Amino acid sequence: MDRIGIIGLGYVGLPLAVEFGKVIDVVGFDINKNRIQELKNGIDNTREVDHDELIQASRLNFSYQADDLKAVNYFIVTVPTPVDEYRKPDLRPLISASKTVGAVIKKGDIVIFESTVYPGCTEEDCVPIIEQVSGLKYNTDFFCGYSPERINPGDKLHRVSNIKKVTSGSTPEVAEKVDQLYKKIITAGTYKASSIRVAEAAKVIENAQRDINIAFVNELALIFDKMGIDTQEVLEAAGTKWNFLPFRPGLVGGHCIGVDPYYLTYKAESLGYHPEVILAGRRINDNMGALIAGNVIKLMARNQLPVYGGKVLVLGITFKENCPDIRNSKVADVVNELKSYGTQVDIYDPMADAEEVRHEYGFTLTHRPKGSYDAVLLAVGHEAFRNLNWNELKHSSTVVYDVKGFLDKSIITARL
């Protein structure tokens, strides 16, 4: 009988474990003991899975002890793959997970990786570690697959089961086994790629493509700002053409779009190719935080508002709307840039965990906005912000800058 071990219970691993836990025996493993205890108590602090869904996964058990993985014959690795301070792939979580698998894997077992990586990483970086730790031989004693995650944090419409899943395996027989395994839970169907490397490449270009498209509209926003044209109005007009892609300017953070392209560029450069378009897009998007802060400062100066010591309210610190995930949030760049001008910045975000924000960025969240501000910057379009009392937040000259095109035009001074 098949039994699955899912390694890493974050935004990707937990929803996957819950879906499989409805139909097959699953060990959900994470090294974070507090995370395991919370899940055992029916609490998911990522808010991706609610209490009732955890209960419905009746065949799912949680553990932080690697020995509990010895009974499984499928390992699915869903750990983060971030970049380091030099924007190079940080494979430490993946290497650690590979060592964990190597210590408990048996002959005939299959290891499936879902973490986003550059093409070749599974077989060039992870497999040798498993071989070394286990003493087993790849494609003789154990096998691998790759099925890239397609989780969209905070999205309650597009879930694990109704998003088409790419699958692959290290041999044709294993590829079929991996495909059939996912078909147990994926109602949207699967797509069996010809190789692990093809599946890895498919994943990494999904987010690189989005990154480049957003960089394009961000550059348009810079150009139209100099022309005195409202970028949102231009995009709405252009969007009347049936094949115009509906991308919008903004901050590009999070664990996927702002990170994954660096995995592809790293691999390309290691092969002697300098990827100009991808890196140009990254440069534009990485610089948007400073540009947005600069726009707010200019508006404050034009309205004869104090910059040094001026009160600024930033609405939202998470990397996207209606989601508590603060990983790689580019709002932090905006806040730091505003502070460099000497402004007093309050950050309000009812979705974010205050302690996590303090630990990650050194910022203290305000529990509620305090009085009126010289400038209000909406950085994240949380639905909770639709009910703000603007009479309390604004005085007669307050600048309101809308990064997301979220607020009514009657409220704002300018938008990106």
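Structural remarks
- Selection from segment 132-160 of residues that are in a loop (DSSP other than H, G, I, E, B) and open to solvent by 40 Å² or more (accessible area, probe 1.4 Å): Gly135, Lys137, Asn139, Thr140, Arg150, Asn152, Lys156, Leu157, His158, Arg159
- Residue in segment 345-401 that is least open to solvent (accessible area, probe 1.4 Å), counting only those that are basic (Lys, Arg) and within 26 Å of the chain's Cα centre (by Cα): Arg358
- Checked against the criterion of being modelled with pLDDT of 95 or more, open to solvent by 40 Å² or more (accessible area, probe 1.4 Å), on the phi < 0 side of the Ramachandran plot and touching a Pro at 6+ places or on another chain (Cβ under 9 Å), the candidates Glu219, Glu176 yield just one match: Glu219.
- Contact map, segment 253-268: residues that are over 14 Å from Asn152 (Cβ atoms) and free of Cβ contacts under 8 Å to residues at least 60 places away in the same chain paired with residues that are surrounded by fewer than 24 Cβ atoms within 10 Å (Cβ to Cβ) and basic (Lys, Arg), Cβ distance under 9 Å, separation 6+ or inter-chain. Pairs shown: Pro261/Arg282; Thr265/Arg87; Thr265/Arg282.
- Any hit, segment 117-131, residues being touching a Pro at 6+ places or on another chain (Cβ under 8 Å), modelled with pLDDT of 95 or more and in a loop (DSSP other than H, G, I, E, B): yes
- Looking only at segment 26-59, and only at residues there that are in contact (Cβ under 8 Å) with a residue 24 or more places away in the chain and basic (Lys, Arg), the one that is surrounded by the most Cβ atoms within 10 Å (Cβ to Cβ): Arg35
- Here Val252 clears all of (1) modelled with pLDDT under 95; (2) β-branched (Val, Ile, Thr); (3) out of contact with any Gly (no Cβ under 7 Å at 6 or more places or on another chain) except the condition numbered (3).
- Listed conditions (1) in contact with a Gly (Cβ under 7 Å, 6 or more places away or on another chain); (2) crowded, with 22+ Cβ neighbours inside 10 Å; (3) over 26 Å from Ile185 (Cα atoms) are all met by Cys121, apart from (1).
Matching residues to (1) surrounded by fewer than 16 Cβ atoms within 10 Å (Cβ to Cβ); (2) in contact with a Leu (Cβ under 7 Å, 6 or more places away or on another chain):
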site	(1), (2)
Tyr263	no, no
Lys267	no, no
Tyr273	yes, no
Arg283	yes, no
Ala293	no, yes
Leu305	no, no
Leu313	no, yes
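- Some residue of segment 236-256 being within 30 Å of Gly120 (Cα to Cα), assigned to a helix (DSSP H, G or I) and in contact with an Asp or Glu (Cβ under 7 Å, 6 or more places away or on another chain): no
- If you filter segment 161-199 down to residues that are in contact (Cβ under 8 Å) with a residue 60 or more places away in the chain and outside any helix (DSSP H, G or I), you find that the one that is nearest to Glu149 (Cα to Cα) is Ile185.
- Residues of segment 84-110 satisfying the condition of being touching a Gly at 6+ places or on another chain (Cβ under 9 Å) and either under 24 Å from Ser329 (Cα atoms) or of a type in the set (Val, Ile, Thr) (or both): Pro93, Val101, Val104, Ile110
- Of all the listed residues (Gly316, Gly310, Gly289), the sole one being under 30 Å from Val49 (Cβ atoms), in contact with a helix residue (DSSP H, G or I) (Cβ under 7 Å, 6 or more places away or on another chain) and among the small types (Gly, Ala, Ser) is Gly316.
The values are calculated or read from the model by the stated rules, or taken from the named source; none is laboratory data. Quantities reported herein were computed from a predicted structural model and do not represent experimental measurements. Neighbour counts are summed over all protein chains in view; Cβ atoms, including those assigned to glycine, are modelled from backbone coordinates with ideal geometry. Please note that ligands, DNA and RNA were not included when accessible areas were found on the heavy atoms of the full protein model with its side chains. Shrake-Rupley method; radii C 1.70, N 1.55, O 1.52, S 1.80 Å.
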